Amino acid sequence: MSGHAPDGGPGSGAFDAARAGDTDALGRLLAEGVDANAVNAAGDTLLMLAAYHGHEPAVALLLERGADPDRCNAKGQHPLAGICYKGHAGIVRRLLDAGASPEGSPDASRSPLMYAAMYNHAPITALLLERGAHPARRDRDGKTAVDLAREMRAVHTIGLLEALSR
């Protein structure tokens, strides 16, 4: 069972398990042949669902089984972007350690750093910067991570990003 697994079709239980963080069921389904990089009808990977819902053990299992930490969904959303929005620092670290680009998708308007900065996730902002995220990257409106942090009054990340320009 590889590639596409539409909701309700073969392998769809893996998407439920990833979403719920059920590592036992997920491990069993992967052992039965579900591809760690399978995508559902929305184009989301198992890894993206587990990560977005904050299930670090499921993320670790999927990465161990070969899930691609840089694979975007059908909307071009990168796994790191959603996690940086949600604020799961442990999952961000795991994805980066597995080779995810700290810049996320080059085609996306906003980078993971922008999301972390906007939502005042200072530890994640610092980690992304350590791993090579570009604070000067601009979104489609021409705004940088510090600009977005200022708009959101994200006081912890504003200070962190402003310190880079001193």
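The values are calculated or read from the model by the stated rules, or taken from the named source; none is laboratory data. For clarity, every value in this text was computed on a predicted model and none was experimentally measured. Note that we place each Cβ from the backbone using ideal geometry, even for glycine, and neighbour counts take in every protein chain shown. These accessible areas exclude ligands, DNA and RNA; they are computed on the full protein's heavy atoms, side chains included. Shrake-Rupley method; radii C 1.70, N 1.55, O 1.52, S 1.80 Å.
General observations
- Among the residues of region 60-69, those identified as outside any helix (DSSP H, G or I) and crowded, with 17+ Cβ neighbours inside 10 Å are ARG65, ALA67, PRO69.
- The numbered conditions (1) more than 23 Å from PHE15 (Cβ to Cβ); (2) modelled with pLDDT under 95; (3) part of a helix (DSSP H, G or I) are all true for ARG166 except (3).
- Of the residues ALA74, ALA126, ALA116, ALA51, the single one that is part of a loop (DSSP other than H, G, I, E, B) and either surrounded by 23 or more Cβ atoms within 10 Å (Cβ to Cβ) or not β-branched (Val, Ile, Thr) (or both) is ALA74.
- Single unsatisfied condition, ALA149 versus (1) outside any loop (DSSP other than H, G, I, E, B); (2) open to solvent by less than 30 Å² (accessible area, probe 1.4 Å); (3) closer than 16 Å to GLY82 by Cα: (3)
- Qualifying residue in region 29-42 (condition: open to solvent by 40 Å² or more (accessible area, probe 1.4 Å) and closer than 26 Å to MET118 by Cβ): yes
- With respect to the conditions (1) modelled with pLDDT of 95 or more; (2) farther than 29 Å from PHE15 by Cβ; (3) not aromatic (Phe, Trp, Tyr), GLY159 falls short on a single one, namely (1).
- Only a single item in (1) closer than 28 Å to SER109 by Cα; (2) open to solvent by 20 Å² or more (accessible area, probe 1.4 Å); (3) at pLDDT below 95 is not met by SER2, and it is number (1).
- You will find that of PRO79, PRO106, PRO57, the residue that is closer than 23 Å to ASP139 by Cβ and open to solvent by 60 Å² or more (accessible area, probe 1.4 Å) is PRO106 and no other.
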